[in-house]
Amino acid sequence: MRLSNRLSTIQSIAEHAHKQYNYDYIWDTCCDHGQLGAGLLKSGISSKLFFVDIVPELMASLEQNLNQFFLNQKHQWQVLCEDVYCLPLNDVENSNGKHLIIIAGVGGDLMLEFISQLNQRFPDLSLDFLLCPVHHQFSLRSQLRKMEFSLRHEEVLEDNQRFYEALLVTSDSTNQSPLISVAGEVLWQYKTASEQNMLKRYLSKTLEHYKRMQKGNSKLADSALVAYESVKIEKASLQFTSK
Ligand SMILES: C[S@@+](CC[C@H](N)C(=O)[O-])C[C@H]1O[C@@H](n2cnc3c(N)ncnc32)[C@H](O)[C@@H]1O
């Protein structure tokens, strides 16, 4: 099945990140149909893939599909019907292995709860998260910054007339990456005229959104507006790119 632009961009970021950070384990959480993890298996990624969702019927049907299409890679994948809060990150062969946890297609607030919980449960693991929230990007970023997460990569993507931010962040405090910023930095850099156009439309939509929220006396909207009003859309210098 052909992946949506959103899922194929996330896949591409995961593959680039794997080349750089060499993950032993990739967790496609809230995986639903499992298309993202299946795309990674198909691309020949070397990590072990865990497909995780909380709905038993979805996981049973995904397992059937994976058995049909990826039987010869069976050693490389596992389906878990599990709550993301309870990810068994300690129940893997290599306890010092590197983990990439992908969370896409749910809200930023829920993502934040998952991340806080996992950080508390595994304070000694440095975890990378690849996040693509459906909303609440600003509050997600602000809280990740408070938790001292660093940014490895960020980009805006457009799919089916909606904008998304994809963020690759890490809890690894020994890395050289900068702390995540609340409104994004590299996020607003473009390489082509069409990316520039997309960023302009995304920024204007975001500003409109928080201006509407501000009318309801939202403190979050006040700080979001301060942050987004200082954003500059600029031509990119050399950087990590998923394209
Ligand atoms: C909209 S789908 C996202 C599918 C895919 N990740 C994507 O981006 O297209 C959201 C999925 O999150 C799952 N989900 C929600 N809360 C969860 C939790 N606490 N633990 C595991 N899965 C959860 C739902 O069952 C649902 O299948």
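Every number here is computed from the coordinates shown, using simple stated rules; none is lab data. Everything quoted here is computed from the prediction, not taken from an experiment. Glycine gets a Cβ as well: all are built from the backbone with ideal geometry, and neighbour counts include every protein chain shown.
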³J(HN,Hα) across segment 82-99 via Karplus (A = 6.51, B = -1.76, C = 1.60, θ = phi - 60°), whole Hz, x for Gly/Pro? 8, 6, 4, 4, 9, 3, x, 5, 8, 9, 10, 4, 9, 5, 9, x, 8, 10
What list do you get for GLU154, GLU113, GLU165, GLU82 if you sort them by fewest beta carbons within 10 Å? GLU113, GLU82, GLU165, GLU154
By its C-alpha gyration tensor, with a ≥ b ≥ c as the square roots of the eigenvalues, how is segment 132-243 shaped: rounded for a/c under 1.5, else prolate for a/b larger than b/c, else oblate? oblate
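Convex hull over the Cα atoms of the chain, averaged projected area in nm²? Mind showing how you got there, number by number?
Numbers: hull surface 53.8 nm².
The Cα convex hull of the chain, projected and averaged over all directions, gives 13.5 nm².
Between beta-carbons, use under 15 Å as the cut-off and find the net charge around SER181, counting Lys and Arg +1, Asp and Glu -1. Before the final figure, lay out the partial values.
Values: positive: ARG141, ARG145, LYS146, ARG152, LYS232; negative: GLU148, GLU154, GLU155, GLU165, GLU185, GLU229, GLU234.
Overall, the nearby charge balance is -2.
Set the bar at 19 Å for Cα to Cα. Now go through LYS191/LYS211; LYS191/LYS232; LYS19/LYS48; LYS146/LYS200; LYS200/LYS235 and name every pair that lies beyond it. Intermediate results must be reported in sequence, preceding the final value.
Working: LYS191/LYS211 29 Å; LYS191/LYS232 14 Å; LYS19/LYS48 14 Å; LYS146/LYS200 28 Å; LYS200/LYS235 12 Å.
Flagged as over cut-off: LYS191/LYS211; LYS146/LYS200.
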GNM of the chain, Cα pairs under 10 angstrom: of LEU36, LEU100, LEU66, the biggest fluctuation goes to LEU66
Under 5 Å between amide H atoms, partner at least 5 residues away or on a different chain: which partners does ARG152 have, H built in plane at 1.01 Å? LEU168, VAL169, THR170
What is the set of long-range amide H partners of VAL134 at a cut-off below 5 Å, with H atoms built 1.01 Å from backbone N? GLY105, VAL106, GLY107, GLY108
Given the options PHE129, PHE69, PHE163, state which has the largest fluctuation in a GNM of the chain using a 10 Å cut-off (strictly under) for Cα springs. PHE69
Descending semi-axes in whole angstrom, ellipsoid equivalent of segment 1-60, from the Cα gyration tensor: 20, 14, 9
Vicinal HN-Hα couplings computed from phi for segment 160-166 (Karplus, 6.51 cos²θ - 1.76 cosθ + 1.60; Hz; Gly/Pro x): 6, 6, 10, 9, 9, 10, 10
Under a GNM of the chain (C-alpha, springs under 10 Å), which listed residue has the highest mean-square fluctuation: GLY107, GLY34, GLY44? GLY44
Where does the Debye-calculated log10 I(q)/I(0) of segment 1-141 sit at q = 0.13 Å⁻¹, using only Cα point scatterers of equal weight, no solvent? -0.52
